[in-house]
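Single-structure report; data block below.
The numbers here are math on the coordinates, done by the rules we state, and not lab data. Computed from a predicted model, the values in this text were never measured in an experiment. Note that each Cβ is placed from the backbone with ideal geometry, even for glycine, and that neighbours are counted across all protein chains shown.
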Amino acid sequence: MTLIQQLTVEAGLKAEQDLLASVCAGERQAGVLFWRPTDRALVMPRRLSRLPDFEQASVELAASGWPILLRETGGEPVPQSSSTVNIALVYAPPRSEDDRARIETAYLRLCDPLCELLTELGGEASVGEVEGAFCDGRYNVNLNGRKLVGTAQRWRQSQGGQRPVGLVHGALLVENERESMVAAVNRFNQCCGLEPNCRVDSHIALHEVVSDPDFFERLSASYQKILAPVFNL
């Protein structure tokens, strides 16, 4: 099977939820999913659908080629297109792991392999906020001081409620589509009375710096190496 699945945004979000459901049901201990959209959408958490002008914003964004889709994880609006590769790690933490630290631990499981590989390939990798980035957060993965990957996570209880199961997601900008993406996020914010403060130069695409054709194969191997001894994969 091809490492990176080519899916519509709607199908990709469903594939993530299906993987989460399979771990919750005990069908597997963990899983890693890479997918790349075949279409475009502005994806955001369900809570934003309660904004007073959300419906009008949806009409305007769809007319400009960025239909809105809702996701289960938190955060802010994120543009998805064929310029993005999504990474999803799903697992139930080992019982020996400190439950109080599971959110931070989950982010580090996603971010550390990315930072290590980017550094190995000659980039300056870091984790943290970037002023002017869309869906900014403490666990952005940054390349040369600009946002490369946005992250989010969602937790559910396993079947029977015995263990928490986490979906940790990263959206990595592969190709430079920064201008139209930032414009879409700022337009949504304007429509809904929010501050349109995203900037193009706060983001960077992987292929602007790194051209390794085996990047995602190497990244996948790193995630498998992390998960295998812990989850008996």
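Note on residue 214 and residue 14: their simple-model spin labels are 3.6 nm apart, each label 7 Å out from Cα toward Cβ. For the residues 164, 67, 94, a GNM of the chain with alpha-carbon springs under 10 Å puts the largest fluctuation on 94. The value of relative contact order for region 4-231, using C-alpha pairs under 8 Å at least six residues apart, is 22 percent.
For region 75-150, how big is the tail of P(r) above 18 Å, as a whole percent of Cα pairs?
Values: 1356 of 2850 pairs.
Here the long-distance tail beyond 18 Å is 48 percent of all Cα pairs in region 75-150.
Approximating the spin labels as points 7 Å out from Cα along Cα→Cβ, the residue 49-to-residue 22 distance works out to 2.6 nm. Taking a point 7 Å out from the Cα of residue 222 in the direction of its Cβ, the residues of region 125-140 whose backbone N falls within less than 20 Å of it are 125-130, 137-140.
Sorted fewest first by neighbouring Cβ atoms within 10 angstrom, 138, 146, 71 come out as 138, 71, 146. Classified by the C-alpha gyration tensor, region 4-231 has an oblate form. Its axis ratio a/c, with a ≥ b ≥ c, is 1.5 or above, and a/b does not exceed b/c. Take every Cα pair under 8 Å in region 152-229 that's 6+ residues apart, average their separations, divide by the length, and report that relative contact order as a whole percent. After rounding, I find 23 percent.
Multiplying the residue separation of residue 207 and residue 180 by 0.36 nm and subtracting their alpha-carbon distance yields 8.0 nm.
Using the Cβ-Cβ distance between residue 108 and residue 63 with R0 set to 30 Å, the FRET efficiency from 1/(1 + (r/R0)^6) comes to roughly 0.15. Spatially, region 26-76 and region 146-212 are offset by 11 Å when compared through their Cα centroids.
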